[in-house]
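Note sheet for the following structure.
The values are calculated or read from the model by the stated rules, or taken from the named source; none is laboratory data. In this text the structure is predicted, and so the values were computed from the model without any measurement. Methodologically, a virtual Cβ is constructed for each residue, glycine included, from the backbone with ideal geometry; neighbour enumeration extends over all protein chains shown.
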Amino acid sequence: MACLSILLIGCGAGSTNSSGGSDATNSGGKKKLIVGTDATYAPMEFMDEKGNIIGIDIEIVNAIAEAAGFEVEYKNYGWEPLFPAVDNGEVDFAVSSITITDERKQSFDFSDPYFIANQLILVPEDSDVESFSDLADKRVSVQINTTGHLVVADLLGKTSSKIVATETMPLAITEMINGNADASVGDNAVIIDYKANNPNVKLKTIEDDSFEKEYYGLMVKKGNQEILDLLNEGIEKIKANGKLKEITGFDVE
Ligand code: ARG
């Protein structure tokens with residue numbers, strides 16, 4: 001009996017569990033999950049002037065949390081550090097406009113899709129680029145290890161010195177504006193938002209049919225079924241009650 005109570009105390013005192021992340025509950029008894037992100041990705045996840053992490057992805061996760069009955073705390077990791085943070089359990093899951101890919105599915109689990117996107121090309125207004133294949137002999141900037149990076153690597157070759165791969169998407173766009181790249185390729189929402197918010201920079205966007213539909217998912221540590229079930233429960237609810245569509249403006253099948 002004594003042993004048992006020591007075990008129980010030992011268990012209750014810890015703030016992390018073996019499956020990683022936080023196991024804390026607040027006074028209302030709701031589980032609080034730690035959510036990692038790369039808050040450089042307006043309008044999806046970014047920082048306001050006060051340093052609060054905001055954006056469409058954040059609104060979606062807040063709605064999922066409300067629907068499934070848990071609390072969230074966001075932590076900004078940056079893009080590449082986000083993946084090990086999920087893997088080693090520092091965060092319970094990641095939201096970051098992360099496209100569900102077969103390759104990532106080998107190392108992580110993904111929630112049901114909550115958003116549809118595609119790649120988009122951004123070039124100076126006077127560029128002669130008209131389609132993706134026109135980029136074959138150009139210098140192209142991308143955010144490193146994103147799906148944009150992948151499609152460009154397929155066209156130019158994985159190790160091509162013409163690929164300018166940067167830590168963040170805004171940096172990739174800056175490289176293009178500064179003339180260090182002829183075009184940027186990235187997720188449509190982010191490219192469109194950048195262009196809309198920088199009307200003084202003369203830019204144009206180019207769509208291409210070869211870009212496949214991409215589905216964003218919330219990313220959890222492989223095998224963490226508990227968190228995955230909770231997230232999918234919330235996603236299912238906000239799909240059913242119209243909340244997801246209210247936030248994004250479109251249906252996700
Ligand atoms: N959807 C792309 C991918 O999954 C880009 C996501 C980048 N997200 C970010 N917050 N930087 O590769």
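Within segment 29-42, restricting attention to residues that are over 21 Å from Ala67 (Cα atoms) and not in a strand (DSSP E or B), the residue that is nearest to the ligand (Cβ to nearest atom) is Asp38.
Looking only at strands (runs of 3 or more DSSP E) that lie completely in segment 95-211, which have at least 3 residues being not β-branched (Val, Ile, Thr)?
108-110, 119-124, 183-187
Tell me whether segment 203-215 contains one or more residues that are surrounded by 18 or more Cβ atoms within 10 Å (Cβ to Cβ) and touching a Lys or Arg at 6+ places or on another chain (Cβ under 7 Å). Yes, there is a match, as at least one residue in segment 203-215 is surrounded by 18 or more Cβ atoms within 10 Å (Cβ to Cβ) and touching a Lys or Arg at 6+ places or on another chain (Cβ under 7 Å).
Evaluate the following for Gly148: is it near the ligand (Cβ under 10 Å from one of its atoms) and more than 12 Å from the chain's Cα centre (by Cα)? Considered against the rule, which asks whether it is near the ligand (Cβ under 10 Å from one of its atoms) and more than 12 Å from the chain's Cα centre (by Cα), Gly148 comes out as yes. Screening segment 75-106 for residues that are of a type in the set (Asp, Glu) and within 11 Å of the ligand (Cβ to nearest atom) and picking the one that is surrounded by the fewest Cβ atoms within 10 Å (Cβ to Cβ) gives Glu103.
One line per residue, one yes/no per condition, for (1) out of contact with any helix residue (DSSP H, G or I) (no Cβ under 8 Å at 6 or more places or on another chain); (2) more than 23 Å from Glu214 (Cα to Cα):
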{"site": "Val61", "(1), (2)": "yes, no"}
{"site": "Phe70", "(1), (2)": "no, yes"}
{"site": "Ser96", "(1), (2)": "no, no"}
{"site": "Thr101", "(1), (2)": "no, no"}
{"site": "Phe110", "(1), (2)": "no, no"}
{"site": "Tyr114", "(1), (2)": "no, no"}
{"site": "Ser127", "(1), (2)": "yes, yes"}
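Of all the residues in segment 163-196, those that are more than 11 Å from the ligand (Cβ to nearest atom), among the hydroxyl-bearing types (Ser, Thr, Tyr) and in contact (Cβ under 8 Å) with a residue 60 or more places away in the chain number 2. Identify the residue in segment 125-145 that is within 17 Å of the chain's Cα centre (by Cα) and surrounded by fewer than 20 Cβ atoms within 10 Å (Cβ to Cβ) and, among all such residues, is farthest from Thr101 (Cα to Cα). Ranking the candidates gives Ile144 first. Taken together, the residues in segment 29-62 that are touching a residue at least 24 places away in the same chain (Cβ under 8 Å), under 15 Å from Phe93 (Cα atoms) and not charged (D, E, K, R) amount to 9. Looking only at segment 212-233, residues that are more than 18 Å from the chain's Cα centre (by Cα) and not polar (S, T, N, Q) come to 5 in all.
Taken over segment 103-124, the criterion of being within 16 Å of the chain's Cα centre (by Cα) and free of Cβ contacts under 8 Å to residues at least 24 places away in the same chain is satisfied by Glu103, Lys105.
Scanning segment 118-136 turns up one or more residues that are within 10 Å of the ligand (Cβ to nearest atom) and at pLDDT 95 or above.
Scanning segment 43-74 for residues that are charged (D, E, K, R), more than 13 Å from the ligand (Cβ to nearest atom) and either surrounded by 15 or more Cβ atoms within 10 Å (Cβ to Cβ) or in a strand (DSSP E or B) (or both) yields Glu59, Glu66, Glu71, Glu73.
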